[in-house]
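J.: Next up is a structure, given as C-alpha cells.
The values are calculated or read from the model by the stated rules, or taken from the named source; none is laboratory data. Note that the structure is predicted; figures quoted are calculated from it, not measured. With ideal geometry, Cβ positions are generated from the backbone for all residues, glycine too; neighbour counts draw on all protein chains shown.
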Amino acid sequence: MKKNAKFFKDVMNIEGPISDEVIQFARELWTDDVIVQVWEKRDSLPNFTIINFDYLLKNIDRLAQQDAIATNDDIVRCRQRTTGLSEVEFAFGKHYFHLFDVGGQKPERRKWDVIANTHKPTAVLFFTSLVDFDIPLMSEEGKSRMDESLEVWDDVLKKEEFENTTIILFLNKSDLFEDKIERVKLSDTFKDYKGTDHQSALDFIKQLFLNKSQDTKHRMESLHVHNTCAIDTNVMQVVFESVTEEIFKQRLALAGLDL
C-alpha cells in the first residue's frame with residue numbers, strides 16, 4: 001500500500017490520458033484494508049473531498065479511453081470549489097433565469113453584498129451538507145461545519161436586502177446522510193436530539209435552520225426546504241420545478257396577487 005500511496009503522492013496532478021500504470025495502482029490502493037476503512041469514514045473526516053472515488057474506480061476503464069465522452073452522470077460527479085463570482089443564464093420551462101454562483105468560503109462571502117445590492121435577487125438558493133453535522137471546522141476549534149453553516153444561514157436571513165426574497169434551503173447529500181445516521185449518533189453532536197431514526201434526524205436538522213428565522217422579518221411561507229441528492233438528476237429535475245413554482249408564487253404575492 002505504501003508503494004501505491006507514494007506513487008500518487010509523487011505524481012500529484014495527472015494530465016493527459018490515464019495510463020495502465022495509474023489504473024493498476026489505483027485498483028491496488030482501493031483494495032487495501034486501510035483505504036477501505038478510511039473510505040467508510042469519509043463522511044466524518046475534515047477536508048475529505050474525494051467523494052466520488054468509488055464511482056471513478058467502477059468506471060475507470062471507460063473513462064481511461066482516449067475517445068471517452070463524459071456522460072451526464074460523469075459531469076454531475078465532478079467537484080470544483082466555487083471561487084469568485086460565476087454567472088449563467090438559462091431557460092427552464094416557461095421561465096428565464098439569471099443565476100449567480102458565489103462560493104461559501106469566508107473570503108468569498110463579501111461578494112454576496114455585491115449581488116444583493118447590485119442585482120436585487122428574487123431568490124437565494126442556500127446549499128448545506130447534511131453529513132457535516134459532526135465534521136470539525138479546521139479554522140475554529142470546537143465548532144463543526146454545520147455550526148458554521150447555521151451561522152452563515154442566520155446572516156443571510158438577517159440581510160435587509162433579502163427581506164422580500166424567496167429563500168430556498170437545500171439540505172444536500174441526503175443519500176449519504178441516510179447511511180451515515182445509521183453509524184454515527186446525531187445526539188453525540190446535538191445533545192438535545194432525542195430521535196432514533198433517519199426521519200427524526202432529518203426533521204431535527206431542518207428545524208435548526210428554520211428556528212433561525214424567528215428573529216428576522218422573513219415569513220415562514222417565504223422559506224422553503226428541500227432534501228436533495230445533487231447527483232440524482234431525476235430528483236433534482238423535480239426539485240427545480242418546485243423551486244420555480246415557489247419563486248413565481250412569492251413574486252405574485254409581493255405584487256398582491258396571491259394564488
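Yes/no matrix, rows are residues, columns are (1) outside any helix (DSSP H, G or I); (2) within 29 Å of G93 (Cβ to Cβ); (3) not charged (D, E, K, R):
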site	(1), (2), (3)
V152	no, no, yes
L176	no, no, yes
G195	yes, no, yes
A201	no, no, yes
S213	no, yes, yes
C229	yes, yes, yes
N234	no, yes, yes
S242	no, yes, yes
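J.: Okay, next question. Going through the stretch 162-183 one residue at a time, which ones are surrounded by 17 or more Cβ atoms within 10 Å (Cβ to Cβ) and under 17 Å from R145 (Cα atoms)?
T.: Result: L169, F170, L171, N172, K173, S174, F177, K180, I181.
J.: Where the second residue is among the basic types (K, R) and part of a loop (DSSP other than H, G, I, E, B) and the first is over 15 Å from E40 (Cβ atoms) and lies in the stretch 163-192, which pairs have Cβ atoms under 9 Å and are six or more apart or on separate chains?
T.: E163/K217; N164/K217; T165/K120; T165/K159; S187/K194
J.: Follow-up. Tell me the residue from F177, F190 that is of a type outside the set (D, E, K, R), at pLDDT 85 or above, assigned by TED's automatic domain parsing to the domain that holds T244 and closer than 28 Å to T233 by Cα, please.
T.: Step by step, each of F177, F190 is checked, and only F177 is of a type outside the set (D, E, K, R), at pLDDT 85 or above, assigned by TED's automatic domain parsing to the domain that holds T244 and closer than 28 Å to T233 by Cα.
J.: Right, another one. Quick one: count up the residues across the stretch 133-148 that are assigned to a helix (DSSP H, G or I), of a type outside the set (K, R) and surrounded by fewer than 21 Cβ atoms within 10 Å (Cβ to Cβ).
T.: 3
J.: Does D215 satisfy the criteria of being within 22 Å of W153 (Cβ to Cβ), at pLDDT 85 or above, surrounded by fewer than 17 Cβ atoms within 10 Å (Cβ to Cβ) and in the same structural domain as E148 (by TED's automatic domain parsing)?
T.: Spelling it out, it is not the case that D215 is within 22 Å of W153 (Cβ to Cβ), at pLDDT 85 or above, surrounded by fewer than 17 Cβ atoms within 10 Å (Cβ to Cβ) and in the same structural domain as E148 (by TED's automatic domain parsing).
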